[in-house]
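S.K.: One structure, pasted below without further comment.
The values are calculated or read from the model by the stated rules, or taken from the named source; none is laboratory data. This structure is a prediction, so every number in the text was calculated from the model and none was measured. Here the Cβ positions follow ideal geometry from the backbone for every residue, glycine too, while neighbour counts run over all protein chains shown. All accessible areas refer to the heavy atoms of the entire protein, side chains included, with ligands and DNA or RNA removed. Shrake-Rupley method; radii C 1.70, N 1.55, O 1.52, S 1.80 Å.
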Amino acid sequence: MQLTLDEISILCVYSAMVVYAIAFIAFSIDLARRSAAATAATDAAARVEAKEAVGVGASGGPSSAVAAKPAASLRQAQDGAVAYGRSPSLRVGVAMTVLAWILHLSATVLRGLAAGRVPWANMYEFALTGTLIITTVFLVVLVVSKQDLRFLGTFITGLVLVLLGVAALNFYVSPIPLPPALQSVWLVIHVFVASASVGLFALGFALSVVQLMQARRESIAATAKAAKLTFLATLPDSVTLENLAYRINIIGFIMWTFTLMAGSIWAEKAWGRYWGWDTKEVWTFIIWVVYAGYIHARATRGWRGSRSAWLAIIGFSTVLFNFTVVNLFFKGLHAYSGL
Amino acid sequence: MSPQSDPGAPSRPADHIDSTEPEAGDASIAQPKLGFVGWLRFGWRQLTSMRTALLLLLLLAIAAVPGSLVPQRSSDPNGVTQYFDKNPELAPILDGFQMFDVYTSAWFSAIYLLLFVSLIGCIIPRTKHHFEALRARPPRTPVRLSRLAGHTERALPEGETAAAAIDSAAKQLRQSGYRVERYELRGEPSVSAERGYLRETGNLVFHTALVGVLVAVGFGGGFGFSGQRVIVEGQTFVNTLAAYDSFNPGRFFTDTRLTPYGLTLENLDAVYETRNQDAIGQPIDFTAHVTVQGQGGDPEDRTVKVNEPLYTHGTDVYLLGNGYAPTITVKNADGEVVFTDAVPFLPQDANLTSIGVVKVTDGMPEQLGMLGFFYPTQHELTSGAYTSSYPDLILPVLTLNVYAGDLGIDEGTPTSVYTLDPSTMEQLNGGKTGVDSIELKPGQTAELPNGLGTVTFEDVTPGAAPAVDVDDDADAAASESRNYSQSVSRFASFDIHHDPTQMWVLAFAALILGGLLVSLFVPRRRMWVKAVSKPDGSVVLEYAALARGDDPGLEDAVTGFADKHAGPADADETADAPEKSST
């Protein structure tokens, strides 16, 4: 039987989904093991606590004697953080994510070849490319970041798996040529940059969620000694998470600004006006304003920390809303879902 | 977190995270009674605070939402009409809240105008302050550097004096873009350096350019215009006010701004997908071939495509729609031509089933209206109704229902050329009349009901045979295999715009993006190098820095500079450097 390029692409999509699922399970096992490690550490810590508490309490700050110790143990003394060593399931998770990414990339490239154009011209293809970019951004950040962010794998692989599944089952359309309105170099630029910023916003969102959970755990740990230790104890502290989320979100914001501008330039060519409050334009604007608010909030006294994290979460919710509800149910000029 | 107040700090609203924290109780205790000016000042301080700006931003986002839920007059006027029909009770209430004009409504405007006032109130003092900071010397070196970020020590290199080491540090710092100033305190020489003024510059450019966009958009809307015109192949449009089908001028528009040039639609090429089974009939390309002729100029051949508008004579011409314009000729019972024209039919679906209206005002006993359906590729449904199965001309068929009576156009009230009001007319065929609709292929002629005359669907194929009667059987067989591809004229619907400030908006947009990049990624930081005399008489070099705003690379920068200046630290000295998280 001779398979068409698009059929091979679909096979790759489903294979990628299977591998993503394995990666998701591996990452989840890792999170479970982190909880176990955290509990074990508390038990161990309880035994030495009596001795340790005296030493730390007396020094009152990072004197050179305490600073010479590993930072993790210092943090543990302060807020119950736990050092977490190597984890085989974490490495399996990352390896499976890379494998899934390769399959996913092949699926997307083949889809582009089958259609004879860039593979992001309808809802199915947006989802295919958008999720590919989410995984790509995740893997790039893993390489670039000084922090170990592999713990985000559960969220990233889970999100990608769900979106890919919905796309493959509900949004699939066979490859068809571009209508005249989409025949523009701006399709390549505008949509690609938009998808890339969605990838960054997704990662920023995940970090903000973990930041909020971590902040809550920290505030409990600060008041009560017997705070329940979860996998969070093995993750970076909330300030570190917030700074990471901020850095990723501002890159996303700049790309989103560019998306908005490139879209306007294209709209001028295709529709005869650069801005007309079309539903998609409205939501692009709303997303921009929400993230602008997030950046402002972070510079406003009393808003840095959890409050600004909530804005990042609202921001990503509007992104998802824009991608799903606005595409499918709102009337407007961006009627390219192909459904 | 908040740095000490000094002249180099950017002037920010009091609640900016980089501003000095107010002392506890400061606001409530020593506050004198506010006079009128005091209240104004208080109000202004509130309006220009970060918190208000943030609130207004979030309000703006929320206020923009209804415009995507309810159709807007600006982008979807037909949708608004339909909404009124479907929700006759709710619609007027929503209209009262300007829900159909959200983006020009009083409340939406109030939010963004307040936001921009707040923004301007923030930009002006900050710009003034930034100019001063640009001229100011980097601040005095702090007495103790050990508390600051990235603090590290290096031994004074062999055979070098403290003063020489500080000199070389100053030189190297200047080379890497720092502004430097030498200080000496209690015999300990030091250099204070600051860089990244561009960060604040970028921030100010970004915010100023936002105001620029708003102003440019406002002016463009006021002095520009947009108009629509349908042109059938072979017709010429002259850019004058009367020639537009519809025209929306800006508030300050005068028609002397129209340059009268001629635009002739020579032909419109439409290409549809024929091979891909999943996309048969999907449009692949529309190209309008036009001739442009200015006053006293030579005619120029140009093209207009969907993503390639035509820029000519200060206007932008966009191809936004197209369809068929069957050429219809009506003769009265005496055989005189009472109507002949290419009538644009409005497409109703992807396969271009189209509806059009013919209005015969004179030359008949009564005024005559004809409601026509045009099918470029006729296909009969099982119900007997017709539809079009392909958008190109494979088997074109025109059906006409004839109405006689009063067209309602004599009272002077404007009526659309695309609709027929049958309320004052009598239907003569089609529908429930019991008389069949007239059905014509290109080149055929049929009798009108009641012996009123004839109607012909002209075949405009170059060199086409003269029209034949619809009942001519010999022709019927031939029509099956005929090539109709040129038999019906097409029309193009053009949008013609003039926006004098479009380039300004683009320029400001570029500044926004540039300003944003600079303001978010250029680190603003201070760095100090100090030669410190130890109690034992030895001299060590201390390095430390202070971030002004988000600066993830700060500590690396200090270490990097110290390594470059005094060589890498010894192994046991690195242990003293602040621990970097390494989980």
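S.K.: When the accessible area of region B:325-491 is computed with all protein chains present and a 1.4 Å probe, what percentage of it is carbon and sulfur?
M.R.: Values: 4010 of 8030 Å².
That share works out to 50 percent.
S.K.: For each pair in A:Lys269/A:Lys331; B:Lys359/B:Lys441; B:Lys128/B:Lys530; A:Lys280/B:Lys86; B:Lys86/B:Lys441, compute the distance between the two Cα atoms and list the pairs where it is over 30 Å. Don't skip to the end; give the middle numbers.
M.R.: Working: A:Lys269/A:Lys331 21 Å; B:Lys359/B:Lys441 20 Å; B:Lys128/B:Lys530 32 Å; A:Lys280/B:Lys86 24 Å; B:Lys86/B:Lys441 38 Å.
Over 30 Å apart, Cα to Cα: B:Lys128/B:Lys530; B:Lys86/B:Lys441.
S.K.: Next question, about the same structure. Provide a list, ordered by number, of residues in region A:173-193 showing at least 30 Å² less accessible area with every protein chain present than when their chain is taken on its own, using a 1.4 Å probe.
M.R.: The answer is A:Ser174, A:Ile176, A:Pro177, A:Pro180, A:Gln183 - residues whose exposure falls by at least 30 Å² when every protein chain is included.
S.K.: Which values of log₁₀ I(q)/I(0), to two decimal places, follow from the Debye formula for region B:35-132 at q = 0.19 Å⁻¹ with a uniform point scatterer at every Cα?
M.R.: -0.90
S.K.: OK, next. Per residue of B:132-140, how many C-beta atoms from partner chains lie within 10 Å of its own C-beta, taken as a mean?
M.R.: Per-residue shielding by partner chains comes out at 0.
S.K.: Note down the accessible area of B:Asp469, probe 1.4 Å, to the nearest 10 Å².
M.R.: Number for this one is 70 Å².
S.K.: Could you tell me how far the Cα centroid of region A:121-161 sits from the Cα centroid of region A:300-316, in Å?
M.R.: Here the answer is 22 Å between Cα centres.
S.K.: What ratio of Cα Rg to 2.2 N^0.38 Å holds for region B:244-315?
M.R.: Taking N as the residue count of region B:244-315, the ratio is 1.51.
S.K.: Please report the projected area of chain B's Cα convex hull averaged over all directions, in nm². Walk me through the intermediate numbers first.
M.R.: Values: hull surface 182.6 nm².
Here the figure is 45.7 nm², rounded to one decimal.
S.K.: Would you kindly derive the ³J(HN,Hα) couplings of region B:186-203 from the backbone phi angles with the Karplus curve 6.51 cos²θ - 1.76 cosθ + 1.60 (θ = phi - 60°), listing them in order in whole Hz, with x for Gly and Pro?
M.R.: Each residue's phi maps through the Karplus curve to give 6, x, 9, x, 8, 10, 10, 9, 9, 9, x, 4, 4, 4, 5, 4, x, 4 Hz.
S.K.: With no solvent and one point per C-alpha, what does the Debye sum give as log10 I(q)/I(0) for region B:325-491 at q = 0.20 Å⁻¹?
M.R.: For the requested q values the scattering log ratios are -1.46.
S.K.: Around B:Gly321, which amide H atoms from residues at least 5 apart in sequence, or from another chain, sit under 5 Å from its own amide H, with H modelled in the peptide plane?
M.R.: Placed amide hydrogens put B:Ser493 under 5 Å from B:Gly321.
S.K.: Let me ask something else. Identify, among B:Gln98, B:Ile124, B:Phe108, the residue whose Cα sits farthest towards the positive end of the charge dipole of region B:35-132, taking +1 on the Cβ of Lys and Arg and -1 on the Cβ of Asp and Glu, with the dipole about the Cα centre.
M.R.: Farthest along the dipole direction, towards plus: B:Ile124.
S.K.: Further question on the same structure: With a 1.4 Å probe and all protein chains in place, put B:Ile123, A:Ile314 in order of accessible area, largest first. List each step's numbers first, then the result.
M.R.: Details: B:Ile123 20, A:Ile314 80 Å².
Listed by decreasing accessible area, they come as A:Ile314, B:Ile123.
S.K.: Taking region B:395-463 as the region of interest, what is the percent of Cα-Cα pairs per 5 angstrom bin, listed from the shortest bin to the one with the maximum distance?
M.R.: Spelled out bin by bin, region B:395-463 gives 3, 14, 20, 21, 18, 14, 7, 2, 0 percent.
S.K.: Something else about it: Taking every residue in B:507-519, how many Cβ atoms of other protein chains lie within 10 Å of its Cβ, on average?
M.R.: Taking all residues of B:507-519 together, the mean is 2.
S.K.: I want to verify the translational diffusion coefficient of region A:169-311 in µm²/s; compute it with Stokes-Einstein, Rh as the Kirkwood radius over Cα pairs, at 37 °C and 0.692 mPa s.
M.R.: The Stokes-Einstein estimate is 187 µm²/s.
S.K.: Taking only protein heavy atoms and a 1.4 Å probe, what accessible area per residue, in Å², does region B:35-132 have with all protein chains in place?
M.R.: 57
S.K.: Roughly how much accessible area, to the nearest 100 Å², goes out of reach of solvent when B and A pair up, both sides summed, probe 1.4 Å? Could the numbers behind the result be given before it?
M.R.: Numbers: alone 32210 and 16540 Å², together 43550 Å².
Result for this pair: about 5200 Å² buried.
S.K.: Over region B:325-491, average the accessible area per residue using a 1.4 Å probe and give it in Å², no decimals.
M.R.: 48
S.K.: Within region A:178-339, what whole-number % of the accessible surface is contributed by carbon and sulfur, with the 1.4 Å probe and all protein chains included in the calculation?
M.R.: Carbon and sulfur atoms account for 72 percent of the accessible area of region A:178-339.
S.K.: In whole Hz and in residue order, list the ³J(HN,Hα) couplings for region A:88-100 that follow from phi through the Karplus curve 6.51 cos²θ - 1.76 cosθ + 1.60, θ = phi - 60°; x for Gly and Pro.
M.R.: Per residue, the Karplus-derived 3J(HN,Hα) values read x, 5, 5, 5, 4, x, 5, 4, 5, 5, 5, 4, 4 Hz.
S.K.: Given H placed 1.01 Å from N in the peptide plane, which residues other than close sequence neighbours of B:Gly453 have an amide H under 5 Å from its amide H?
M.R.: B:Leu448
S.K.: How big is the convex hull of the Cα atoms of the protein assembly as shown, per residue, in Å³? Walk me through the numbers on the way to the answer.
M.R.: Values: hull volume 234.5 nm³, N = 922.
Given the Cα convex hull of the protein assembly as shown, per-residue volume reads 254 Å³.
S.K.: State, in angstrom, two size descriptors of region B:340-403 derived from its alpha carbons: Rg to one decimal place and Dmax to the nearest whole number.
M.R.: 13.2, 40
S.K.: Going by amide H atoms built from the backbone, whose H comes under 5 Å of the H on B:Tyr272, apart from near neighbours?
M.R.: B:Ile284
S.K.: How much mean residue ellipticity at 222 nm does chain B get from its helices, if each DSSP H run of length 4 or more adds -39500 (n - 2.57) and you divide by all residues, to the nearest 500 deg cm²/dmol?
M.R.: Computed ellipticity for chain B at 222 nm equals -9000 deg cm²/dmol.
S.K.: Would you jot down the residues in region B:298-345 that end up with at least 20 Å² less accessible area in the complete protein assembly than in the chain alone, with a 1.4 Å probe?
M.R.: Flagged in region B:298-345: B:Val306, B:Asn307, B:Tyr311, B:Tyr318, B:Leu320.
S.K.: Where the centre of each part is set by its Cα atoms, how far does region A:162-202 sit from region B:59-74, in angstrom?
M.R.: Each part's Cα centre sits 25 Å from the other's.
S.K.: How about region A:302-322: which of its residues lose at least 20 Å² of accessible area in the presence of all protein chains relative to their chain isolated, using a 1.4 Å probe?
M.R.: By number: A:Trp303, A:Arg304, A:Leu311.
S.K.: How would B:Glu194, B:Glu447, A:Glu218 line up by accessible area, probe 1.4 Å, largest first?
M.R.: B:Glu447, A:Glu218, B:Glu194
S.K.: Cα atoms only: what Rg and Dmax, in Å, come out for region A:148-241?
M.R.: Calculated on Cα positions, Rg and Dmax stand at 19.9, 66 Å.
S.K.: Moving to a separate point now. Give the ranking of B:His151, B:His16, A:His334 by solvent-accessible surface, highest area first, calculated with a 1.4 Å probe.
M.R.: Sorted descending by solvent-accessible area, the residues read A:His334, B:His151, B:His16.
S.K.: Next question, about the same structure. Can you tell me the accessible area per residue over region A:178-339, all protein chains present, probe 1.4 angstrom, in square angstrom? Present the calculation step by step, with values, prior to reporting the outcome.
M.R.: Details: 5670 Å² over 162 residues.
Averaged over the residues of region A:178-339, the accessible area is 35 Å².
S.K.: How large are Rg and Dmax for region B:278-407 when only the alpha carbon atoms are used, in Å?
M.R.: 18.8, 58
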